[in-house]
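Visitor: Quick one: the structure is below, and I'll ask about it shortly.
FYI, it's all coordinate maths here, none of it is from the lab. Bear in mind the structure is a predicted one, so any value in this text is a computation, not a measurement. Here Cβ is always computed from backbone atoms with ideal geometry, including for glycine, and neighbour counts include all displayed protein chains.
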Amino acid sequence: MARYTGPKQRISRRFGTPIYGPSKYLERKAYPPGTHGPRSRRKHSEYALGLMEKQKFRYYYGVLEKQFRAAYDKAKKSPGVTGEVMLQILETRLDSMIYHLGFANTRRAARQMVGHGHIRVNGRRVDVPSYQVKVGEEIEVKDTTVSRQLATRGIESSTSRPIPEWVTRNKESYKGSLVRVPTLAEIQPVANEQAVIEFYSR
């Protein structure tokens, strides 16, 4: 299944959650999309509820099912609470880091920025959005006019979004790094990660 590229509001309305951030549109139409949306009273099974929570995370991080499952499998084999570790893996992907550093205003733009070769990690070009950033690694926007202009627009567009405490950024040099792995409280999940773990454990 390819990544979703349709209207963002439709996804937020489907789940009743602002997946892509606060939206006045969602407040005006706080019901699922479609003809029967306003009158829908459908009850969901436990399986359906778990699937919905998984889909929320997938849309939020912009990852494919295979990538999301890989994050779960890796978290399951790692020490610690599986749900928290899974989210830490997703939050420290290179595209997520570019978003948190403010070099891109959306995760989609961050993924595109990485894919087009505008980012370097420890001085080496990395064009794989799923690259797992390690604590202490230096992330830098490529020193070219096009790359820096993209980052500047991203910074200007994301001024209202604070930089997380677990990353550091030097706006003048277009550099940043992962200071430490975020906690579950700092991540503030958009969905119930435990429901996802139970969904995959069936």
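Visitor: Could you put Met97, Met52 in order, starting from the residue whose Cβ has the fewest other Cβ atoms within 10 Å?
Guide: Met52, Met97
Visitor: Using θ = phi - 60° and the Karplus curve 6.51 cos²θ - 1.76 cosθ + 1.60, what whole-Hz ³J(HN,Hα) does each residue of the stretch 94-109 get, with Gly and Pro shown as x?
Guide: With coefficients 6.51, -1.76 and 1.60, one gets 4, 5, 5, 5, 5, 5, 5, 6, x, 6, 9, 7, 9, 5, 5, 5 Hz.
Visitor: For Asn170 and Glu46 in one chain, what is 0.36 nm times their gap in residues minus the Cα-Cα distance, to one decimal in nm?
Guide: This chain segment gains 40.1 nm when fully extended.
Visitor: Right, something else. Report the gain in length on full extension from Glu156 to Gln132: 0.36 nm times residue separation, minus Cα-Cα distance, nm rounded to one decimal.
Guide: 6.0 nm
Visitor: Please find the FRET efficiency linking Tyr200 to Val179, where r is the Cβ-Cβ separation and R0 is fixed at 41 Å, and quote it to the nearest 0.05.
Guide: 0.85
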